[in-house]
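To start, the structure itself, in structure tokens.
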Amino acid sequence: MKKNVLLFLFNILSLVVAAQDPWKISADKIDPGKYFGITAGNGIIGIVSSPQPFKVKNVVLAGTYDTYGRGRVSNFLNGFNLLNMYLEIDGRRLDDQNTSNMQQELDMQHAAFTTKLTYGKKANIKYTYYALRHLPFTVLMDVTITADEDFKLTAASVMETPDALRDVENYYNEIDRPHVTLSLLTSTAKSPTGKLQLCASNSFLFNEQHGSEPKIIHEMWDNNSHLMKFSKVIKAGESYRYSVVGSTISSAQHADPLNEAERMTIFAKLEGRDRLIQYHNAAWDELWKSDIIIEGDPQAQQDVRSMLYHLTSFSRAGTSYSLSPMGLSGLGYNGHVFWDTDIWMFPAMLVLHPDIAKSLIEYRFERLEPARKNAFSHGFKGAMYPWESADSGVEETPVWALSGPFEHHISADVALAAWNYYCVTQDKVWLKEKGWPILSQTAEFWASRVERSGPNQFDIKNVVAADEWAENVDNNAFTNAAAKLNLKNANLAAAVLGLPQNKDWALVENNIPILKFPDGVTKEHATYKGEGIKQGDVNLLAYPLKSITDKNQILKDLAYYETRVPDEGTPAMTHAIFALLYARTDHAEKAYKYFNEAYQPNLNPPFRVIAETKGGTNPYFATGAGGVLQSVLMGFGGLDITNKGIVQIPSVLPAKWKSIRITGVGTEKKTFSVTNKN
């Protein structure tokens, strides 16, 4: 009896520890009806987990857009589902009805997703998949079957074509070499309009010596799926391991995607399983040199690390891809790029991974010309960035949403990201070649966008506010303040580059109004009367715009607007900004309250993935993660991006937190710490 009690307590303790493991998010009570997948990504490919054995929900490939479905605009496409498989034991296919004890786990340290399950008394199965960090277009599935009885195993890799794709062609090739046979299961298809060609290829990896490997059989099921399979007799007590390695790429990334998918699969197969995992792990070890370590709050540590993991797994250095609100976790928001990147996700990446941040701003630089044309179409000068952007850089907002033609603060958001990139890196060559064109052209836009109503009165009328419930309003606080900062930073950039100051930019900057109520509270827009707000607007003037610096004013605006946010239907970022500002103004427990409110009510089972709103079901909301990370980095951690680089300003920690340590900060990879003085 005593032994059973001790075993019970040990199991309970194990569950508690597992729930708060700083690196691993585990689930052992999986309800398919309440299951929200978690993503293993490498910045190009996102693999979304499934509660069904041997399945993955989605394979998302960055940069693949075509017009179909909602809104007559470009949409993200699901890529080929090249990791689905099935297993048969003694001729019976394994599924969720005849397997048990399913456990799933994401190892964030090395971006590996593992599923374990049991088939009766015959076998225990474990499989782990990776979107390989060092090979941007390649994935690996590693499978181990341990036999408790003798049985015949049949294992298949099934290549399925997503519904939206057309003109599918399926191939199977065997290329014989003296020491290996290269068996390639390959599919190619066109995007809905025929604009893109998407391709995928995979192959088995075996442990056996060449000549003793199982024979592979190819089966064509229909136009949309085919498979390759093998059989193997496994004896009781034996463990048998095999892998599936595959690559997927589209004509958005390569001029010859069909052959390239097969070449990359061959390359990975001949690298071998061990080397693939070794280099993948090493790449993630390098990324995690930039980390956030919280002492004293194990659950917050796991959650914050999950947020950092997701942003890192959704983005990649050396590209010109940006971040969608849902990253690579699915097709949410059509995969479009909004202010979510520039204001909410970019700062965390800039502080911890400037090389990744460079890719995000490169995306904007490469689409400067469409932004110029957009300004021209609206009767303005300079560059006017679209509210929703995809691959081409033209406006991709569905017509029914007024944010497309009117949410103009996006241009200032892009400019702020560009200036902050220079501030952190101090890279004058980049500033001259890429930062200055963005900053100067967006400044020209604002100089032409204002209405010069008289001496010292330059209004910005008829905009959708950052608070998107406020449509077609005049002199919105965030829009006006962001425009002023854009004009100011453009002249600062000119000074750095030895260029003359633009006197008109300075004149406009100094004469765009920031409105106030009679009691001194900053007024959201000209006709604002205290109604509920969808998301932060006025409070963003204190951070990230830093146009309001007086502590009493910051607190006055917080006290007013924190009561205007409804309990439901608002995105996660607003409470994160409240947390950041309260941490910077010495209100530790109020900051901690809003830190928790920013994401805890938005979590979905079984992996604590964040949805956009409280009780929402559309994870993973990377924008919200970016906001919460800023509350930790720039709020509790006190980091601040200045014209001279990253500095640390006074901040406070919640009583529960003993300390916070932020490693690998900026280009010099510095470490900053805050210790609780209580």
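Some values worked out for this structure:
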item	result
Residues listed by number, region 124-139, amide nitrogen under 15 Å from E149 label point at 7 Å toward C-beta	124
Cβ-defined net charge surrounding S74, 10 Å radius [Lys, Arg +1; Asp, Glu -1]	-2
Burial ranking of peptide ranges 477-483, 360-366, 526-532 (average Cβ count within 10 Å, highest at the top)	477-483, 360-366, 526-532
In Hz, Karplus ³J(HN,Hα) per residue of region 504-509 (6.51, -1.76, 1.60; θ = phi - 60°; x = Gly, Pro)	5, 4, 5, 4, 5, 4
Cα-Cα separations in the chain greater than 45 Å, expressed as whole percent	24
Estimated distance in nm for a label pair at Q109 and K126, the labels positioned 7 Å out from Cα along Cα-to-Cβ	1.5
Acute angle (nearest 10 degrees) that the helix 477-496 long axis makes with the longest principal axis of the chain, alpha-carbon atoms	90
Spin-label pair T118/K461, simplified geometry with 7 Å Cα→Cβ offset, distance in nm	7.3
Computed over region 26-287, Cα set: Rg, Dmax in Å	18.0, 57
For region 255-401, size of Cβ-based charge dipole, Lys and Arg +1, Asp and Glu -1, in debye	300
Cα gyration tensor shape for region 223-377, rounded if a/c is under 1.5, else prolate or oblate	oblate
For peptides 396-408, 169-181, sequence by mean Cβ density within 10 Å, most packed first	396-408, 169-181
Residues E88, E286 arranged by fewest to most Cβ contacts within 10 Å	E286, E88
Cα gyration tensor shape for region 84-180, rounded if a/c is under 1.5, else prolate or oblate	prolate
The chain, relative contact order in percent, only Cα pairs under 8 angstrom and at least six apart counted	12
Cross-link pairs beyond the 32 Å C-alpha cut-off, checked among K529/K644; K116/K195; K289/K551; K29/K593	K529/K644; K116/K195; K289/K551
Rounded FRET efficiency, nearest 0.05, which uses the C-beta distance separating A526 from V399 and R0 of 22 Å	0.25
Sum of -39500 (n - 2.57) over DSSP H runs of 4+, divided by residues of the chain (222 nm, nearest 500)	-9500 deg cm²/dmol
Karplus (6.51, -1.76, 1.60) ³J(HN,Hα), θ = phi - 60°, over region 603-614, in Hz, Gly and Pro reported as x	7, 10, x, x, 10, 6, 7, 8, 9, 5, 10, 4
Prolate/oblate/rounded label for region 367-518 (Cα gyration tensor, a/c 1.5)	oblate
Protection proxy ranking, peptides 186-192, 375-381, average beta carbon neighbours within 10 Å, highest first	186-192, 375-381
Separation in nanometres of the label points that stand 7 Å from Cα toward Cβ, at R275 and K289	2.4
Estimated vicinal HN-Hα couplings, Hz - region 579-585 in sequence order (Karplus 6.51, -1.76, 1.60; Gly, Pro = x)	4, 4, 5, 5, 5, 7, 10
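Bear in mind that the values in this text are calculations on the coordinates, not laboratory data. Not measured: the values here are computed from a predicted model. All Cβ positions, glycine included, derive from the backbone under ideal geometry; neighbour counts span all protein chains shown.
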